[in-house]
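Inspection log for the structure reproduced underneath, given as structure tokens.
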Amino acid sequence: MVQRACLLRVVSQLKSGPSLSVLISRVWSGKPQEGMLASCVASSINMIGLFLQLILILLWTEWTVLLHLGSEHKDKHREKEKLKQKDGSSDKQKEKDKYKEKRKEVKVKGFFVIFPPRIKSEPESEDFYHSPKHNKSLKREQKKGEVGTDGKKKVKKEPEEKWKWWEEERYTDGVKWKFLEHKGPVFAPAYEPLPSNIKFYYDGKPMKLSLGAEEVGTFFAKMLDHEYTTKDIFRKNFFKDWRKEMTAEEKAKITDLNKCDFGDMHEYFKAQSEARKALSKEEKQKNKEENERILQEYGFCVMDNHKERIANFRIEPPGLFRGRGDHPKMGMLKRRIRPEDIIINCSKDSQHPKPPPGTKWKEVRHDNKVTWLVSWTENIQGAIKYIMLNPSSRIKGEKDWQKYETARRLKKCVDRLRAQYRDDWKSKEMRIRQRAVALYFIDKLALRAGNEKEEGETADTVGCCSLRVEHITLHPEKDGKEYVVEFDFLGKDSIRYYNKVPVEKRVRELFGMLCPDARSLFTTILNKHLQELMDGLTAKVFRTYNASITLQQQLKELTSPEDNVPAKILSYNRANRAVAILCNHQRAPPKTFEKSMQNLQSKIDAKKEQLSDAKRELKSAKADAKVRRDEKSKKAVECKKKAVQRVEEQLMKLEVQATDREENKQIALGTSKLNYLDPRISVAWCKKWGIPVEKIYNKTQREKFAWAIDMADEDFEF
DNA sequence: GTTGCGACTTAGGACTTTCCTG
DNA sequence: CAGGAAAGTCCTAAGTCGCAAC
């Protein structure tokens, strides 16, 4: 589609145009019509100019205008902004030095060594894979091994000493490991044919399907409850792929999906899942144990002398592809992965995983410049999928830590950078101006970079550099504010980004000649530029930086020392929420939201009543005590007092909970917590206010952020 | 220089387990 | 002690970004 040319490119094509006022009035007056737009672009008419002007307006917008948190937060945000500008550099080095010192102090305690017999029995070969640099730690671990060898049970009983990888040296040369051993993937269970009494009907008549066709048919049958099985694209894609699995006869007969009746099959699967739920305790326990056994066998690997948890050791089962949003490939058959599709990565001297009997791996390689253990190529997009380690592993943790360190380095130079890109808006070179505009959005609105994607291969979503004209509307005035830019587009995962951003009208200047091919590789150009500005800087670092700094600031602002623990946690959640809003992390409101909110409210009401009862009782007890003046009645008063207090606390807790939940209706906190917020900020906050870290991070999260929990003091500054 | 590929992070929703309450 | 809500886990899609191949 011609009119799909991206916004920046459109902007870039502007040379000169009709009078400004005409253009502006056209835009201000409403959405550009599709046809109009198409013809404009096609004939190089300068309707496009409008968008240049939009950019110009934005360019001249004052920094202090707070864009992302919506109008109510504007003022707060301004302050934040000031703060942001102020505390540019500092403390990081301090932090680092402190940590270095701490490291020096740390004595090496024991490491829990896995598979000690193996590791112990072949130390020579390990040495072979360890650079001199690593010999030190290796020796330590071997010592450990000796201690641990005399029995797993014994080791298990002891409070397990966690390996503090963050106290060890890192590889610097692109090597990711020296030794890697694992058992390979767990394949999806083989297809179980339907019992003979469960039938598929075509055109009202029962029909026995071949095994292959039946299997794929069951994928569809299982999904019948989902709305998307009614979607045209889904049905079309499914039917096309299904036919490929049919025998010639089946193909000849089954020509219309609408004549297929999967009802029986659907009922069967439903009953099966019911039956699974209704299993007896013992049976459930048995299943659990079996799962645990598989986890123990396949869920771990040994990487450089340490047993590490694997994130996804199960191969994705076959099924029907369901992309997010309006995906053109929804309904296509996701093929079953066989050993022959699998590439194994492990070290040469490890015990290679064995393929299932009678099969072969596609390849076994020994590439220690990558972190994956297993890979295969998926058939829908042709993308490569990997089996990698858990976030608690050294290899993921180091990277995560490094990510936040990069963001902290950005903090040091962000002022300079912002000044620079503002300056670049005036540049004579179009590319530079363009780059600077993109950067502005990425920084201020925390937009994603927005890489190019192949049209028709995926849902139509965009990011900063791939925004198109139709994603932006200009309003001369909206909600009492002048010059409001309205963003409305689908971002990653087809999540809608909607934001009205008031901008200040300023001097406008026309850009000069523009380069029409500027868009291609735009994110590459952008990132190259960023790389020059700061080592390791890319577009996404801004998201990390802005998220983390916002958390830190919000925590400072929202935490009241006199608050009790639940209230402080509410503050934390609010700070977290501010970040989630900034990053546009949304969720569908839980289906049961209204109901559970009502329940909570009635609980609160009940609690209130209970409170007034308790108060009344206290009063009468007091009166009683006054009259009687004996120990017993005094005690009773104390008792009642405590009861009132307790109920008050409970009520408060409930109310806090209600507020929290209401505010959280459509906002997902998990993503930012897991991916954008430097955990050391949260850990420091917990330490400072005496909040148990368990209140903020659950077990998995504590494992992932073990490095931060261990190293951050209460005075950590991002 | 451009394109496509490979590796890795980030993402929301489905599914499962745990917790709470009546 | 069941049943519903909340919390936690699993799943895998969909991004980012660098680099090799053309």
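The values are calculated or read from the model by the stated rules, or taken from the named source; none is laboratory data. Please read these numbers as outputs of a predicted model, since none were measured by experiment. Every residue, glycine as well, gets a Cβ built from its backbone with ideal geometry; the counts of neighbours run over all protein chains shown. Each accessible area value is taken on the protein alone, full model and side chains, heavy atoms only, with ligands, DNA and RNA left out. Shrake-Rupley method; radii C 1.70, N 1.55, O 1.52, S 1.80 Å.
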Starting from the Cα gyration tensor of the range A:622-718, take the square roots of the eigenvalues, sort them a ≥ b ≥ c, and report rounded, prolate or oblate (rounded when a/c is under 1.5, otherwise prolate if a/b is larger than b/c, else oblate).
prolate
Hz values of 3J(HN,Hα) by residue in the range A:393-407 - Karplus curve (6.51, -1.76, 1.60), Gly and Pro given as x:
6, 4, 5, 7, x, 4, 5, 5, 4, 4, 4, 6, 5, 4, 5
With x for Gly and Pro, the residue-by-residue ³J(HN,Hα) of the range A:416-428, computed from phi through the Karplus equation 6.51 cos²θ - 1.76 cosθ + 1.60 at θ = phi - 60° and given in whole Hz, is 4, 5, 5, 4, 5, 6, 4, 5, 5, 4, 8, 4, 6
Of A:Lys568/A:Lys653; A:Lys608/A:Lys634; A:Lys277/A:Lys595, which pairs sit farther than 19 Å apart, going by alpha carbon to alpha carbon?
A:Lys608/A:Lys634; A:Lys277/A:Lys595
When the accessible area of the range A:545-711 is computed with all protein chains present and a 1.4 Å probe, what percentage of it is carbon and sulfur?
51 percent
Solvent-accessible area per residue, Å², over the range A:545-711 with all protein chains present [probe radius 1.4 Å]
54 Å²
Selection of GluC sites (Glu not before Pro), the range A:383-433, meeting DSSP coil and at most 14 other Cβ within 10 Å:
A:Glu429
Suppose each label sits 7 Å from its Cα in the direction of the beta carbon; what would the A:Lys307-A:Gln272 distance come out to in nanometres?
3.4 nm
Apply 1/(1 + (r/R0)^6) to the Cβ-Cβ distance of A:Tyr386 and A:Ala567, taking R0 = 41 Å, and write down the FRET efficiency to the nearest 0.05.
0.40
Might you work out the accessible area of A:Lys369 for me, using a 1.4 Å probe with all protein chains in place, and round it to the nearest 10 Å²?
110 Å²
How much of the pair distance distribution for the range A:545-711 lies past 26 Å, counting alpha-carbon pairs only, in percent?
44 percent
Tell me whether the range A:376-448 comes out rounded, prolate or oblate; compute the Cα gyration tensor, take square roots of the eigenvalues as a ≥ b ≥ c, and use a/c under 1.5 as the rounded threshold.
oblate
According to a simple spin-label model (label point 7 Å from Cα along Cα-to-Cβ), what is the distance in nm between A:Lys619 and A:Glu249?
8.7 nm
Under 5 Å from the placed amide H of A:Arg496, counting only residues 5+ away or on other chains, we find A:Gly491
On the full set of protein chains, 1.4 Å probe, figure out the accessible area of A:Arg309 and give it in Å² to the nearest 10.
90 Å²
Any idea how far the Cα center of the range A:420-456 sits from the one of the range A:165-184, in Å?
37 Å
For the range A:581-654 and the range A:693-718, compute the distance between their C-alpha centroids and round to whole Å.
32 Å
Quick one: 3J(HN,Hα) in Hz for the range A:367-373, Karplus 6.51/-1.76/1.60 with θ = phi - 60°, rounded, Gly and Pro as x.
10, 8, 8, 10, 9, 7, 9
For A:Ser210, list long-range residues whose amide hydrogen, built 1.01 Å from N in the peptide plane, is under 5 Å from its own amide hydrogen.
A:Thr247
Which entries of A:Lys286/A:Lys591; A:Lys385/A:Lys673; A:Lys444/A:Lys665; A:Lys236/A:Lys492 have Cα-Cα distances beyond 30 Å here?
A:Lys286/A:Lys591
What distance in nm lies between label points placed 7 Å from Cα along the C-beta direction at A:Met207 and A:Glu161?
6.7 nm
Cα-Cα longer than 32 Å, checked against A:Lys231/A:Lys288; A:Lys603/A:Lys641; A:Lys642/A:Lys688; A:Lys244/A:Lys348; A:Lys164/A:Lys411; A:Lys369/A:Lys540, kept in input order, equals A:Lys231/A:Lys288; A:Lys244/A:Lys348
Between A:Val374 and residues 5 or more places away or on another chain, which pairs have amide H atoms under 5 Å apart, with H built 1.01 Å from N, and which residues are they?
A:Asn345, A:Ile387
So if each residue of separation counts as 0.36 nm, and I subtract the Cα-Cα distance between A:Arg661 and A:Glu340, what length gain in nm does that give?
110.7 nm
